[in-house]
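Scroll down for the structure; my scribbles are underneath it.
The values are calculated or read from the model by the stated rules, or taken from the named source; none is laboratory data. Fair warning: this is a prediction, and the values are worked out from it, not measured in the lab. Methodologically, a virtual Cβ is constructed for each residue, glycine included, from the backbone with ideal geometry; neighbour enumeration extends over all protein chains shown.
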Amino acid sequence: MKSLTDPSDEELMLKAQAGDSQAFEDLARRISPKLLGFLLKHVRDQDLAEDLLQETLLRIWRSRQQYNAESRVSTWIFAAALNLCRDHYRRLKPQSSLQDDAVMAAAEHSRWAGHSALPEEEASRTESAALLLKALQALPPLSQKVLGLRDQDASFKQIAKDLGISPANARSVASRAYRRLRGALTNKKRGLGGRQ
């Protein structure tokens, strides 16, 4: 647990940028539990999450000179982890959306997935998750970044600072992105209603 006298994450990263590997180890030890939880939420596999954790930390160490001291370290690290998750799913290229773990992660991420014993409801949820994932991937890169940071509970002020845009612009980008995602699911429901 971090005490008041411990250096901040940002101070540790600045020391790491100066070549202090112990400072980076301290930062990695501090952030790893939360980062592992974040990765588990996205990949739903303990071994894969642990591999991605190590890969994220290695990537951060190698690119530590790119860290901007005006941004929060945790936002930068979690964005790198999210990019690694996306890279992992792109490499998988599943045969169908029903075999894609990212679909299930999208369903969990959407917070709309519940527990049901009815196969029809499970199939509908899986289809909704696939549509949601497709809609997420179709969003512009800036929208994806904003939603990814919001998923980490970053404020619009922090997102604006990290991405070099205004807080109003960050809020507007998020609003348009959420509207597009809702639209993708609403159109699916209308299509189902027309078939019945």
If a residue must be surrounded by fewer than 17 Cβ atoms within 10 Å (Cβ to Cβ) and aromatic (Phe, Trp, Tyr), how many such residues does segment 11-31 contain?
0
List every residue pair whose Cβ atoms lie under 6 Å apart, where the two residues are 6 or more positions apart in sequence or sit on different chains, the first residue falls within segment 37-57 and is under 17 Å from Arg91 (Cα atoms) and free of Cβ contacts under 8 Å to residues at least 12 places away in the same chain, and the second residue, located anywhere, is assigned to a helix (DSSP H, G or I) and among the aliphatic types (A, V, I, L, M).
none
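Yes/no per residue for (1) among the aliphatic types (A, V, I, L, M); (2) modelled with pLDDT of 90 or more:
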site	(1), (2)
Ser32	no, yes
Arg44	no, no
Leu48	yes, no
Ser63	no, yes
Gln66	no, yes
Filter segment 169-196 down to the residues that are surrounded by 14 or more Cβ atoms within 10 Å (Cβ to Cβ) and at pLDDT below 80, then identify the one that is farthest from the chain's Cα centre (by Cα).
Lys188
In segment 132-168, anything modelled with pLDDT under 85, loosely packed, with under 13 Cβ neighbours inside 10 Å and assigned to a loop (DSSP other than H, G, I, E, B) is listed as Asp153, Ser155
